[in-house]
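Enquirer: The structure that follows is given in the form of structure tokens.
The values are calculated or read from the model by the stated rules, or taken from the named source; none is laboratory data. It should be emphasised that the depicted structure is a prediction, and the values quoted were computed from it without experimental measurement. Please note: Cβ atoms are built from the backbone with ideal geometry, for glycine as well, and neighbour counts cover all protein chains shown. Just the protein is used for accessible areas: all its heavy atoms, side chains included, with ligands, DNA and RNA removed. Shrake-Rupley method; radii C 1.70, N 1.55, O 1.52, S 1.80 Å.
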Amino acid sequence: MDLNNAVAVVTGANRGLGRHLAAGLVERGAKVYAAARNPETVDLPGVIPLQLDVTDQESITAAARTASDATLLVNNAGISTSTPLVAGSIDEVRREMDVNFYGPLAVTRAFAPVIENNSGGTVLNVLSVLSWLHPAALGSYAAAKAAAWAMTDAVREELAPRGIAVSALHVAYMDTDMAAGVPAEQKIDPADVAAQALDGIEKDLLEILADDTTRYIKQNLAFAPNSE
């Protein structure tokens, strides 16, 4: 996909990776709707702030109506509550699933006809290495991202006949607020991740693996867990 003159909607664009993605898209010549629950928190030059709460269908519908010229959707908005699946709050488990799975699905459903009407384009889903690696302490996040990975694969097949490509970005720890408690040496620069993601979109890659940890885990998916 040629990002020069593309029209992008980036969810969760007010901070972290989303902000870097929006900034990178502007640099590459795209028109960018920077979506956030509170658009007044968007302070990035050159973008159009857009109100969008991925858990609110009315908000999603209104955003799709406003950004009616979109050709690229980046489903970046997400949360992590560090909730285990058995001992943790079931309300927090549901909240993570709402934001990290149902949210991008609902936004994709709303924007698919928009992108199709604009002669096709791309959807990028920001996923995680925890789509494949499932630590107990992050059980709800891992479950939601695993579901989002399956959704990405299924939606890719469903939308291909409509001229819409669907890509997945998988990444481990980034130097963002979500990973504030992770040692610095284990984190990578979100600006670098954003650049890799946009390069991947331009090359029409279906899967973008942004770091060595993610590449290693993906390569070893065929190995069963030790059952001894």
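Enquirer: Show the residue pairs meeting these rules: Cβ distance below 7 Å; 6+ apart or different chains; first residue within region 152-181 and more than 22 Å from Asn117 (Cα to Cα); second residue at pLDDT 95 or above and aromatic (Phe, Trp, Tyr).
Expert: Close Cβ pairs satisfying both conditions: Ala168/Trp149.
Enquirer: If you don't mind, another one. Residue check: is Pro45 in a loop (DSSP other than H, G, I, E, B), open to solvent by 20 Å² or more (accessible area, probe 1.4 Å) and under 27 Å from Asn4 (Cα atoms)? Working first, answer last.
Expert: Values: in a loop (DSSP other than H, G, I, E, B): yes; open to solvent by 20 Å² or more (accessible area, probe 1.4 Å): yes; under 27 Å from Asn4 (Cα atoms): yes.
Spelling it out, Pro45 is indeed in a loop (DSSP other than H, G, I, E, B), open to solvent by 20 Å² or more (accessible area, probe 1.4 Å) and under 27 Å from Asn4 (Cα atoms).
Enquirer: Got at least one residue in region 92-101 being surrounded by 20 or more Cβ atoms within 10 Å (Cβ to Cβ), in contact with a Gly (Cβ under 8 Å, 6 or more places away or on another chain) and not aliphatic (A, V, I, L, M)?
Expert: The answer is yes, given that some residue of region 92-101 is surrounded by 20 or more Cβ atoms within 10 Å (Cβ to Cβ), in contact with a Gly (Cβ under 8 Å, 6 or more places away or on another chain) and not aliphatic (A, V, I, L, M).
Enquirer: Taking the residues in region 2-35 that are on the phi > 0 side of the Ramachandran plot and touching a residue at least 40 places away in the same chain (Cβ under 8 Å) as candidates, determine which candidate is surrounded by the fewest Cβ atoms within 10 Å (Cβ to Cβ). I'd like the intermediate steps shown before the answer.
Expert: Of all residues in region 2-35, those on the phi > 0 side of the Ramachandran plot come to 5, 12, 16, 29.
Applying the additional criterion that residues be touching a residue at least 40 places away in the same chain (Cβ under 8 Å) yields 12, 16.
Numbers: Gly12: 26, Gly16: 20.
The qualifying residue surrounded by the fewest Cβ atoms within 10 Å (Cβ to Cβ) is Gly16.
Enquirer: Checking the structure you have, find out if any residue of region 79-94 is on the phi > 0 side of the Ramachandran plot and either small (Gly, Ala, Ser) or at pLDDT 95 or above (or both).
Expert: Residues of region 79-94 that are on the phi > 0 side of the Ramachandran plot, as a first pass: 82.
Filter once more, keeping what is either small (Gly, Ala, Ser) or at pLDDT 95 or above (or both): 82.
Within region 79-94, one or more residues are on the phi > 0 side of the Ramachandran plot and either small (Gly, Ala, Ser) or at pLDDT 95 or above (or both).
Enquirer: From the set of residues in region 87-113 that are touching a residue at least 40 places away in the same chain (Cβ under 8 Å) and more than 28 Å from Leu159 (Cα to Cα), which is farthest from the chain's Cα centre (by Cα)?
Expert: Looking at residues that are touching a residue at least 40 places away in the same chain (Cβ under 8 Å) and more than 28 Å from Leu159 (Cα to Cα), I get Gly88.
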